[in-house]
Amino acid sequence: MSDIENAILSLRGESVELPLVHGTEGYSGIDISGISKLGHLSYDNGFQNTASCQSSITFIDGEKGILRHRGYDIVDLVENCSFIEVAYLIVNGYLPTREELAHFSRHLNEHSLIHEDMQHFFTGFPADAHPMAILASMVTSLSSFYSVGNELGDFVETAAKLISKVRTIAAFSYKKSLGEPVVYPRHDLSYCANFLNMMFSSPVRHYVIDPDVVKVLNKLLILHIDHEQNCSTTAVRLIASARGNLYASISAGICALWGPLHGGANQAVIEMLSRIKADGGDVRKYVQMAKDKKDGFRLMGFGHAVYRNYDPRARVCRKMADDLLRKLNLNDPLLDIARELEEIALKDEYFVSRKLYPNIDFYTGILYRAMGIPTNMLTVMFALGRLPGWIAQWKEFYDNEKAKITRPRQIYTGQKHRPFVNIDKR
Ligand code: ACO
């Protein structure tokens, strides 16, 4: 570094001055766009040291375990807001007044149905189709039923439309997987209560909506709402960079989220805990396996690309899991295994030295299970929560006139030029 404004990179007697890019807090960046003057590219495996954009939506300090949305601490938002209130904040940049919130809720109600013709699509999927496959396909399909040209008009309405319809699609896909008739949304219910009712009521079963469960669902969806430039958000921005429409971009985010190293980890955690239980509950054996590099087994729900401290979201979930299970009078043996696993791992040198802590996915599955949500729907729940974040990130990209199409380069490691060999001589 030469001074506080520029960095100087020297290579074999040649040097290039690279300007710094400052944010409001956290890391500054080094603008490496001039680096090719040295005849080289930058190389950053997994982009883990590269800022792909400037963003004003979410701030994370991974060392200290801080997470803020639009300046507000995640814990304050979880304790004081509904999911819809925070969705408004994320999309619009400020907390809504009562009137603005009512207006947003009206839009959510107006757009809560999906076109009846879309219902035929559900029947085309096999009964055991993964709900994330259905969700991604249905969200892409929305672009053939609804205008994709007006996103930059009344964006509050566009956001509400998608947030409301994705909830309906998620609940319908669950009902279809059971072979039960779908339950339509009701205007008299809040967003989360509506979702639970659409999931669990049926013509032969009256579902009693428990306000405590509604509260926990609101909190969980807030905890998922955004997490800056993670894998799925990067996928959303990637499609947006080619001027892909909102639905196509969100569908890409859903596909990226599905992976077990990302949002799919919540399903993988429940499967791992169930496996430990079925195997006699020997937690230490699995901690040992996770440490063995030859084994390939990882503790799911542990570790994070950014946090080198306890994920603040996991802390909230841990407490909520205790409270909800007590309140519902449930005894989930998977929670006992999870607690023991956490306790052992957090004292183990392997995890301590690598700063591996439970992440958001470690306890969320147990909470969703307590609500009656099946394991294969867990990542769908994550997607429901993350949706406002994806929408906001997509909009931020679209509003940035300087945004470029995303087009990373590569270091080529393949064959050098060689003579072509005719098929008869190979
Ligand atoms: N279990 C065992 N070892 C682990 C784990 C884990 N869960 N996570 C990381 N490590 C080890 C790695 O093997 C590596 O060890 P080494 O230094 O001896 O090679 C070291 O810790 C650093 O790990 P990386 O893979 O470099 O960490 P990275 O930041 O690339 O990956 C990730 C982060 C993908 C989340 C990883 O921790 C992981 O696979 N966790 C389990 C899956 C999971 O829970 N994903 C959800 C993340 S939260 C979310 O996306 C919503």
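The values are calculated or read from the model by the stated rules, or taken from the named source; none is laboratory data. Note that the structure is a prediction, hence the values are computed from the model and not measured. Cβ sites come from the backbone with ideal geometry, for glycine too, and all protein chains shown count toward neighbours.
Of all residues in region 36-62, those that are among the acidic types (Asp, Glu) and at pLDDT 95 or above have Cβ atoms under 7 Å from Cβ atoms of residues that are more than 12 Å from the ligand (Cβ to nearest atom) and part of a loop (DSSP other than H, G, I, E, B), 6 or more apart or on another chain, in Asp44/Thr50; Asp61/Gly26.
No other residue among Pro374, Pro312 is more than 16 Å from the ligand (Cβ to nearest atom) and touching a residue at least 12 places away in the same chain (Cβ under 8 Å) apart from Pro374. Within region 105-129, restricting attention to residues that are outside any loop (DSSP other than H, G, I, E, B) and among the acidic types (Asp, Glu), the residue that is nearest to the chain's Cα centre (by Cα) is Glu110. Filtered by the rule that a residue be of a type in the set (S, T, N, Q) and either outside any loop (DSSP other than H, G, I, E, B) or exposed (fewer than 10 other Cβ atoms within 10 Å of the Cβ) (or both), region 396-426 gives Gln410, Thr413, Gln415, Asn422. In region 303-378, counting only helices (runs of 4 or more DSSP H) that sit wholly within it, the ones holding 1 or more residues that are surrounded by fewer than 18 Cβ atoms within 10 Å (Cβ to Cβ) span 312-327, 333-347, 349-353.
Restricted to region 99-139, and to residues that are among the hydroxyl-bearing types (Ser, Thr, Tyr) and under 26 Å from Val86 (Cβ atoms), which residue is surrounded by the fewest Cβ atoms within 10 Å (Cβ to Cβ)?
By that ranking, first place goes to Ser105.
Output the residues belonging to region 178-225 that are assigned to a loop (DSSP other than H, G, I, E, B) and touching a Leu at 6+ places or on another chain (Cβ under 9 Å). Passing the criteria: Tyr184, Pro185, Leu189, Tyr207, Ile209, Asp210, Ile225. The condition (being surrounded by fewer than 22 Cβ atoms within 10 Å (Cβ to Cβ), within 16 Å of the ligand (Cβ to nearest atom), touching a residue at least 40 places away in the same chain (Cβ under 8 Å) and of a type in the set (Gly, Ala, Ser)) is satisfied by just one residue among Gly259, Gly264, Gly281, Gly253: Gly264.
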